[in-house]
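Below: the structure, in structure tokens.
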């Protein structure tokens, strides 16, 4: 079966997002001060903020890149049939990554609260719940598919 156009567009978009995430995360230690000049953050003037934000952004960047990589792997299974056990595991990993990122954003809200940090925390909580729900649905679909294959 040929891969649908929409999933190809999504896959190539995810390749771009993955490339950008890896690039920004890799250049972060060298470019953080320049990034602060482009995207101004009032907290960036506080002493000790750079020591906090560097590991936070590295963790978020690597976690986000890992989640995008899992989604790319899942999209590759579409032509052969997406309802496989590997996709269930991938969705559970994406859910765990999203939960960890939500916890990181929540911790940042306790120390340096901004509106976008709160939005990020809510988005990752929702992404985690969505991924775990999809994992459950995919698990049921895998069971139905295996049962159907045995029937035929």
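The values are calculated or read from the model by the stated rules, or taken from the named source; none is laboratory data. Predicted model only: the values in this text are computed from it and were never measured. Using ideal geometry, Cβ is built from the backbone for each residue, glycine included, and neighbour counts are taken over all protein chains shown.
Being more than 16 Å from the chain's Cα centre (by Cα) and either surrounded by fewer than 16 Cβ atoms within 10 Å (Cβ to Cβ) or in a helix (DSSP H, G or I) (or both) holds for only one residue in 101, 150, and it is 150. Within region 30-49, the set of residues being under 20 Å from residue 62 (Cβ atoms) and out of contact with any helix residue (DSSP H, G or I) (no Cβ under 7 Å at 6 or more places or on another chain) comprises 30, 31, 35, 39. Within this structure, residue 47 passes the test of being within 25 Å of residue 107 (Cβ to Cβ) and over 22 Å from the mean Cα position of the chain (by Cα). Taking first residues from region 1-26 that are at positive phi and surrounded by 13 or more Cβ atoms within 10 Å (Cβ to Cβ) and partners that are outside any helix (DSSP H, G or I) and at pLDDT 95 or above, no Cβ contact under 8 Å between residues at least 6 apart in sequence or on separate chains turns up.
In this structure, does residue 20 turn out to be in contact with a helix residue (DSSP H, G or I) (Cβ under 6 Å, 6 or more places away or on another chain) and modelled with pLDDT of 90 or more? Considered against the rule, which asks whether it is in contact with a helix residue (DSSP H, G or I) (Cβ under 6 Å, 6 or more places away or on another chain) and modelled with pLDDT of 90 or more, residue 20 comes out as no.
The set of residues in region 109-131 being over 13 Å from the mean Cα position of the chain (by Cα) and surrounded by 15 or more Cβ atoms within 10 Å (Cβ to Cβ) consists of 112, 117.
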